[in-house]
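Enquirer: This is the structure, below, for whatever I ask next.
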Amino acid sequence: MSYYYQYNFTSPEIVYSTVKEELKSYFDTGAIDDLLFPTYLDKCLRKLGRATYVISEIALDIQDFEARLPDNFYAVREAWMCSEIPLTPYQTANSFYSQAISETTIQVSPVITDQVPCNGNCPPNSCTCMPDIIQAVYKTNQQNTRSYKKAYLLKPGNISAKSKCDVSYTDAWSFTGTNPQLHEFTPNSAGYDSFDIRGNKFVTNFRNGIVHLIFYAYEFDNSGNQMIPDNFRIREYVEAFIKYKVFETLSNQINDETFEQIQKKLAYYKQLSEEAFIMADIEIKKQDPYAKQRRIKQELNRFNMYELPNRISRNWRRNN
């Protein structure tokens, strides 16, 4: 079972605007610009670790030992090998209303009857047809199939799986021809439950199957800026780090201020950035309420296996 805390993510435009407004004189004179702000942001997120990236899920269809990774893939968190179990599909709770019909659509307005639209030529008090033509409204509900479930967790390993590989393996590989089941695994792999990342490919040691991948992903806003966690400490660290890098750039240029003035500001914002990093690092390591509950239960049940079976003072059962 996967347990993780997902931050709410927001655009870094607010942080960029704050820096440019507080250091307005430098940007107005053209001494510095915001060209490297995305690079500074990427350094901040990489320094804080993978906790600052979006956690996404996807089902990979393994064909010939490999599958293509998503475009926003950053790192693997969990990779589950799934087994096929036929189950009936279930209907989604959301509905989509439109004026076009499809296979999973029903008409909700107007109500269909055996009457015909009125053409205005009916005799008085004898019109049995519909008086007006109303634009039809269709309700669409999708269905999700439930044919797979998580079987076991895959492990990272070094797998010799390359496209169009004609290397002759050991002599034992020639005996696998009598057992077709053995052809489903790659020779010289780290284990049957291992995987590898090669470029933009997710490589496994089984030929076909489904892998439920939980991964860290890049997330961008409409302007192409990488999203950041909507957390006060993290945003403060990003802001302090960008200010520090701004004065580091100014120290390497010629401007109206003296070198000593720039160095004092550089030292001040560097210290501010390091202090903000410590607070942000502590913030992302804090346990959420659900993690605290799980830790308390684990601590209470840690010594259950050593309980005597005939004790009645504690109502804990043995886990072994």
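Enquirer: Given LYS43/LYS264; LYS43/LYS243; LYS20/LYS245; LYS43/LYS270, which pairs have Cα atoms separated by over 19 Å? Please list the in-between numbers first.
Expert: Working: LYS43/LYS264 23 Å; LYS43/LYS243 13 Å; LYS20/LYS245 13 Å; LYS43/LYS270 15 Å.
As for pairs spanning more than 19 Å Cα to Cα, those are LYS43/LYS264.
Enquirer: Next question. Cα to Cα, under 26 Å, and not fewer than 8 places away if on the same chain: which lysines meet these conditions relative to LYS292?
Expert: LYS47, LYS150
Values quoted throughout were computed directly from the atomic coordinates according to the rules given, and no laboratory measurement underlies them. Predicted model, so just to flag it, every value in this text is computed and none were measured.
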